[in-house]
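Below you'll find the structure, written out as C-alpha cells, and then a few comments.
The values are calculated or read from the model by the stated rules, or taken from the named source; none is laboratory data. Keep in mind that this is a model prediction, so the values were computed, not measured. Here Cβ is always computed from backbone atoms with ideal geometry, including for glycine, and neighbour counts include all displayed protein chains. Only protein heavy atoms, including side chains, enter the accessible area calculation; ligands, DNA and RNA are left aside. Shrake-Rupley method; radii C 1.70, N 1.55, O 1.52, S 1.80 Å.
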Amino acid sequence: MLDRPMYLKPDVAIEPLFNQWYVWWYLISPATAPLFVSRLHLKLMQSFVANPDVHVAALQNPALMGGPFINHPVSRVNEVKALLDRTTREQADMLAYTKAVSDLEQLLASSKGESLEPLYAKVPDMLRGFVELHYDLAHRANARIMEPLLYRSSLYKESAQSISLMRVAGDARKYVFSTPRLEGDSPLWLQVPYRHEGIDALFRMRHTPGSPGQVAEMLGVPSSAAEAFADLFTETAPRKPEPYTGSGVRVRYFGHACVLMETREVSVLTDPVISYEFPTDQRRFTHADLPEKIDYVLITHGHADHLMMETLLQLRHRIGTIVVPRSNAYSLADPSLRLVLEKTGFKNVIEIDDLQEIQIPGGSLMGIPFIGEHSDLAVQAKTAHLVRLAGRSLLMAADSNALEPRMYQHLSELVGPLDALYLGMECEGGPMSWMYGPLLSQPLPRKMDQSRRLNGSDSARATEILNHLNPKEVFIYAMGQEPWLRHVMVLQYDETAPQMIESNKFIEVCKGRGIPAARPFLSMEQVLE
Ligand SMILES: [Fe+2]
Ligand SMILES: [Fe+2]
C-alpha cells in the first residue's frame, strides 16, 4: 500500500524542534542558540521541576498563556526532568559558551580605550579564534563573533534538530515557545536535521504524487511508527491552484504578513505562514492555493511570525530564490538570516540591503529601511520590501515603526506614489525581555524592559508614512489575528485593544482622505489590472 503513488494529506503539519523545543531563528544560529538553551529552556524546566503546580495554576489564567510557564500536567514532571538532565548533559558546551559570552562581556567592559591586542589571550578559551575585538568610535569595546566559523564548529548542533509530523483537525494548537515537546506527544518524531532531503520529498507530495514507502525510508521512519506514517497519505488529489493569466498583478492575502503576488510571469510570496486545510467555516487560502513553484520568497525579519521555519520547510522544495535582509555581524542580537536558511537546506538565499534593487521578471524588488520594533537593539536584519510588478508598486512594510517620519520623507521620491501600502500596526508589542531577554548577560531592570517594547506603528506614525508615500490603497496586516497563528502568537485582540483602536483610527484617517483602507482577516484577494 505504501508504494502506490499518493499525496500528502492537506492537514499534515510539521513542527521543527531543537532539543524538543519548537524552533525559531535564534535557536538555529550557533551564536545565539546556547544563550536561549541556557537562559530560557533550562530555567523554565528547572522551575517546572521544582514547582510544577505553579505552572499548572498560572496557565488556568488565559492571560498568562505565552508567559514563562510550561504547559504540561504535573504528572509529566519526570519526563520534563529527564529532558532537563539530558539537555544539561548533552549540551554542556552550550552552557560553557553562555558563560564564555558573559565573561567576554566583562573583559571588554574593563577596557579603557587602549589597544585591545593584549586582551586576545584573555578571551575565554571557547571563544578564541571565533571573535575579533574592536572599539566603536566612542571607544566602547565590543566583539564581532565570526558566525560562519561557529557554524563549522561543534556548537552548531544538527544532532539537536528533529521534526515531528502530525495531522491537525483544526487551528487549535497549544502555544509552542514555552513548552517542550515530550516523548509520546507525537508518534512521528523523527531525528533528522532540517536540511534533510526527505522533508522536501515529503512535502512535494502536497502537489505531486510520490511513494510514501520511499519517503519513509529516506526519513528513517521506524517500523513502530509505520501505521502513523501511512495515515499521512491519501490517493485523493488536492485542489489545483488557479493560475493567474491576466495582465496585471493578483494579490492574495494568506493571513498575517503572508501575501502572494502573481503576474503571468512570476510569483512572489512574503513572510510565509500558511494554514493547513481541514473542514472549516473560516475560508482561507492554504498550501493548495500556492503555485507549484514560488519564484521569490521575501522575508522581512527574523521574528518567528515572519520567518516561520514550520512553513518554510514545507515550501523549501518549491522556492526559487529567498530574499532576506542582511544582518549586522557585530551584534549577537542579529544573527545572519542568510546563514540560518542556507544551513537548513535552502538554495539561492540572497541578502538585500537598504535601497538595493534586484531585477526580477517583469519588475524589481527593493529593500526599504525598516526602523523600530526591535527594542532599540542593533538589529539590521529587517527590511521592508518594495515590490514592483507589471507597472504596479506595493510596499510590504511588516512591523515598521515610523519612529522618524523624516526617513519616509527622504524615501518619498524613490518609493512613492504606491499602489498599495501593507503595514503592520502592533503598536503595543511585548516588552524587550519577552523576545531578547536570554541574549542579555545582565539582569534587565523592569523600567528599561517596559520602555523598550517591540512596538509597531500607531495611527499617528502610520499617518506619517501615508503623508510621504501617497499610497492609493492601504492594508493593515501582520496583526496576528488569524486562528492558525495561535500556537506562535497568543494575542487575540478585542475592539478595546490599542492595536485595534489605533488601526481603526488609521483606517478612518485614510478614508477621510479618500484612500481605501482595510484590515484583512483570514483571506483577501485583489487584482491590480
Ligand atoms: Fe516583528
Ligand atoms: Fe510581526
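So the values come out like this:
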quantity	calculated
Pair list, Cβ < 6 Å and 6+ apart or interchain, from segment 496-513 residues that are in contact (Cβ under 8 Å) with a residue 40 or more places away in the chain to residues that are of a type in the set (Asp, Glu) and open to solvent by 40 Å² or more (accessible area, probe 1.4 Å)	PRO498/GLU428; GLU502/ASP458
Tally, over segment 348-373, of residues that are within 16 Å of ligand 2 (Cβ to nearest atom) and either touching a residue at least 40 places away in the same chain (Cβ under 8 Å) or of a type in the set (Asp, Glu) (or both)	3
Cβ-Cβ under 7 Å pairs, at least 6 apart or on other chains, segment 39-52 side within 17 Å of TRP434 (Cα to Cα), far side open to solvent by 50 Å² or more (accessible area, probe 1.4 Å)	LEU42/THR88; LEU44/PRO68
Failed item in (1) within 13 Å of ASN142 (Cα to Cα); (2) touching a residue at least 60 places away in the same chain (Cβ under 8 Å); (3) touching a Pro at 6+ places or on another chain (Cβ under 6 Å); (4) not β-branched (Val, Ile, Thr), with ASP103 passing the rest	(2)
Of residues in segment 22-59 being among the small types (Gly, Ala, Ser) and in contact with a helix residue (DSSP H, G or I) (Cβ under 7 Å, 6 or more places away or on another chain), the one farthest from SER154 (Cα to Cα)	ALA58
Selection count, segment 443-452, where residues are out of contact with any helix residue (DSSP H, G or I) (no Cβ under 7 Å at 6 or more places or on another chain) and either basic (Lys, Arg) or in contact (Cβ under 8 Å) with a residue 24 or more places away in the chain (or both)	2
Pairs where the first residue, in segment 1-26, is small (Gly, Ala, Ser) and the second is assigned to a strand (DSSP E or B), C-beta under 9 Å, 6+ apart	ALA13/SER164; ALA13/LEU165; ALA13/MET166; ALA13/ARG167
Inter-residue pairs, beta-carbon under 6 Å, first within 20 Å of LEU27 (Cα to Cα) and in segment 180-199, second of a type in the set (D, E, K, R), 6+ apart	LEU182/GLU79; PRO193/GLU158
Criterion violated by GLY184 - all others in (1) within 30 Å of ASP231 (Cα to Cα); (2) within 26 Å of the chain's Cα centre (by Cα) satisfied	(2)
Leading residue by the ranking (most open to solvent (accessible area, probe 1.4 Å)) among those in segment 509-519 that are part of a loop (DSSP other than H, G, I, E, B), touching a helix residue (DSSP H, G or I) at 6+ places or on another chain (Cβ under 8 Å) and not β-branched (Val, Ile, Thr)	ARG513
Subset of segment 147-165 (residues that are open to solvent by less than 50 Å² (accessible area, probe 1.4 Å) and not in a helix (DSSP H, G or I))	SER153, LEU155, TYR156, LYS157, GLN161, SER162, ILE163, SER164, LEU165
Boolean, LEU421 is open to solvent by less than 30 Å² (accessible area, probe 1.4 Å), under 15 Å from PHE370 (Cβ atoms), assigned to a helix (DSSP H, G or I) and modelled with pLDDT of 95 or more	no
Test: residue in segment 13-22 that is surrounded by fewer than 19 Cβ atoms within 10 Å (Cβ to Cβ) and modelled with pLDDT of 95 or more	yes
Failed item, numbered, when LEU418 is tested on (1) within 16 Å of ligand 2 (Cβ to nearest atom); (2) in contact (Cβ under 8 Å) with a residue 24 or more places away in the chain; (3) closer than 30 Å to VAL527 by Cα; (4) not hydroxyl-bearing (Ser, Thr, Tyr)	(1)
Count of segment 6-21 residues which are touching a helix residue (DSSP H, G or I) at 6+ places or on another chain (Cβ under 9 Å) and at negative phi	11
Identity of the residue in segment 421-476, of a type in the set (A, V, I, L, M, F, W, C) and touching a Lys or Arg at 6+ places or on another chain (Cβ under 7 Å), that ends up farthest from GLY67 (Cα to Cα)	ILE476
Top-ranked residue of segment 486-508 - restricted to ones that are open to solvent by 40 Å² or more (accessible area, probe 1.4 Å) and outside any loop (DSSP other than H, G, I, E, B), ranked as farthest from ligand 2 (Cβ to nearest atom)	GLU508
Residues within segment 169-179 that are open to solvent by less than 40 Å² (accessible area, probe 1.4 Å) and out of contact with any helix residue (DSSP H, G or I) (no Cβ under 6 Å at 6 or more places or on another chain), tallied	6
Unmet requirement for SER457, which otherwise passes all of (1) under 17 Å from the mean Cα position of the chain (by Cα); (2) in a loop (DSSP other than H, G, I, E, B)	(1)
Any chance ALA381 is within 16 Å of ligand 1 (Cβ to nearest atom), at pLDDT below 95, more than 25 Å from ASP419 (Cα to Cα) and open to solvent by less than 20 Å² (accessible area, probe 1.4 Å)	no
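Per-residue answers, yes or no, for (1) within 16 Å of ligand 1 (Cβ to nearest atom); (2) open to solvent by 70 Å² or more (accessible area, probe 1.4 Å):
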site: ASN455; (1), (2): yes, no
site: ILE465; (1), (2): no, no
site: TRP484; (1), (2): no, no
site: PHE521; (1), (2): no, yes
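Every residue, every condition in (1) without any contact (Cβ under 8 Å) to a residue 60 or more places away in the chain; (2) buried (at least 22 other Cβ atoms within 10 Å of the Cβ), yes or no:
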residue: SER375; (1), (2): no, yes
residue: GLU404; (1), (2): yes, no
residue: MET407; (1), (2): yes, no
residue: CYS427; (1), (2): no, yes
residue: GLY437; (1), (2): no, no
